[in-house]
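Reading through the structure tokens given below for one structure.
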Amino acid sequence: MVTMPPRREPKVTVHNFNAGPAVLPREVMEQVREEFLDWHGLGISITEMSHRSPAFTAVAQQSVRDLTALLAIPEHYRILFLQGGASHMMSMAPLNLSGKTDCADYVITGNWSQRAVTEARRLTNVNIAASAADVNFTTIPDPSGWRCSASPAYLYYCDNETIAGLEFPAVPDAGGEAVLVSDMTSNFLSRPLEVERYGLIFAGAQKNVAPAGLSIALVREDLLGRARADVPFLYDFKLLAESDSMFNTPPVFNWYVAGLTFAWIREQGGVEQMHDNARRRSGKLYDFIDTSDFYSNPVDKPYRSRMNVPFTLADANLDRSFLTAAEDNGLLGLKGHRNVGGMRASMYNGLPEASVDALVEFMAHFAARYG
Ligand SMILES: *Cc1c(COP(=O)(O)O)cnc(C)c1O
């Protein structure tokens, strides 16, 4: 048996602000528990049967229908459910969409687009069209000023930078005809999406969709089959699309949970409702931070993330006391990323608004006591 830390006594209501893996909708988790040992009367778990069984095939097909409905995905896009994380996609994008002598444009707005550049440089020629590194990722450079190359294989950006707390308010219009590629790991399914503007959209599941180990890609059909000849077979979009993401065993449990999350979002009122919820949740926290002398957030207002809110205390020496007191009050996962320090509240689709109310109340009390 693994030794567990002692249980919190007395038991307090827990609010989960983890950045990822992260909170999933309560109803989804309850359904998983409910049917985990005996899936719909078959006597075995969904994790204990063939991915090609009628039961799992039905789960997979329903998930595709629900995701298609949620994002109004046009017919000429393929939906892939892949083993691995968002970082795999940082290799798959150049391997599938560019030749070794092509050039791809990248926009750097934070750690995740920076990581994508590091990987792409090993695989193709990279042009940095714009970077916000010089302002510590506190703003997004205006797309009209991006220095794109003449005919890039694609233009890559990250829609929501999870660590800096920076989000594109709309699809960037950089002028050219480049195939647009976006990492939407941390804001996937949190608002409506103009899918047709993109060649490739991808998201690791563990922020807004399902447990870690699955990523989802939407690929425009005409981009399949462009991979270089030496692409490893499990990195080849065309092969994966032709096999309906079942060239090898897919991560069945994660895929099943993703399907439950899609159905849950539809029941809640779709991605428009998720967007409303996200705006209300983050709005409450930003409004509080902005009226306080004790807390601050450095991001330019139009580019503040609805999902991830980094903030600092007036006195960094209080960070540890803040986190300890927060945990005592059931507010979990507020420690900032190790690269930037401070605090971060991640507020994905599954987070109830009451959790934000609890956080703001706690922050007000803490500031009144120590400010
Ligand atoms: C978490 C995250 C990643 C990394 O995901 P992995 O699944 O760990 O590879 C990449 N991009 C963004 C925007 C993220 O939030």
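A short reminder: the numbers here are calculations on the coordinates, not readings from a lab. Keep in mind the model is a prediction, meaning the values are calculated, not measured. For neighbour counting, all protein chains shown are included, and Cβ atoms are generated from backbone atoms with ideal geometry for every residue, glycine included.
Residues of segment 193-232 being in a loop (DSSP other than H, G, I, E, B), in contact with a Gly (Cβ under 8 Å, 6 or more places away or on another chain) and either within 11 Å of the ligand (Cβ to nearest atom) or under 23 Å from G270 (Cα atoms) (or both), which ones? Before you say what the answer is, go through the steps one by one.
Within segment 193-232, the first condition is being in a loop (DSSP other than H, G, I, E, B), and the residues that meet it are 193-194, 198-199, 205-213, 224-232.
From what's left, in contact with a Gly (Cβ under 8 Å, 6 or more places away or on another chain): 205-208, 212-213, 228.
Within segment 193-232, A205, Q206, K207, N208, A212, G213 meet the criteria.
Filter segment 210-248 down to the residues that are more than 17 Å from R78 (Cβ to Cβ) and touching a strand residue (DSSP E or B) at 6+ places or on another chain (Cβ under 8 Å), then identify the one that is surrounded by the fewest Cβ atoms within 10 Å (Cβ to Cβ).
N248
Say we look at segment 65-99 and pick out the residues that are out of contact with any Pro (no Cβ under 9 Å at 6 or more places or on another chain) and assigned to a loop (DSSP other than H, G, I, E, B); which of these is nearest to the ligand (Cβ to nearest atom)?
Ranking the qualifying residues of segment 65-99, first place goes to G85.
Looking at segment 164-192, which of its residues are of a type in the set (A, V, I, L, M), over 26 Å from V28 (Cβ atoms) and within 12 Å of the ligand (Cβ to nearest atom)?
At the first step, the residues of segment 164-192 found to be of a type in the set (A, V, I, L, M) are 164, 166, 170-171, 174, 178-181, 184, 189.
Now restrict to residues that are over 26 Å from V28 (Cβ atoms): 164, 166, 170-171, 174, 178-181.
Passing the criteria: A164, L166.
From D300, D293, D319, grab the single residue that is among the acidic types (D, E), in contact (Cβ under 8 Å) with a residue 24 or more places away in the chain and under 30 Å from K11 (Cα atoms).
Working: D300 fails: under 30 Å from K11 (Cα atoms); D293 fails: under 30 Å from K11 (Cα atoms).
Result of the check over D300, D293, D319: D319.
I need the full set of residues from segment 100-129 which are part of a helix (DSSP H, G or I) and either within 16 Å of the ligand (Cβ to nearest atom) or touching a Cys at 6+ places or on another chain (Cβ under 8 Å) (or both), in order please. Reasoning before the result, please.
Start the filter on segment 100-129 by keeping residues that are part of a helix (DSSP H, G or I), which leaves 111-123.
Within segment 100-129, N111, W112, S113, Q114, R115, A116, V117, T118, E119, A120 qualify.
Taking segment 284-331 only, how many residues are over 18 Å from N136 (Cβ atoms), assigned to a loop (DSSP other than H, G, I, E, B) and not basic (K, R)?
8
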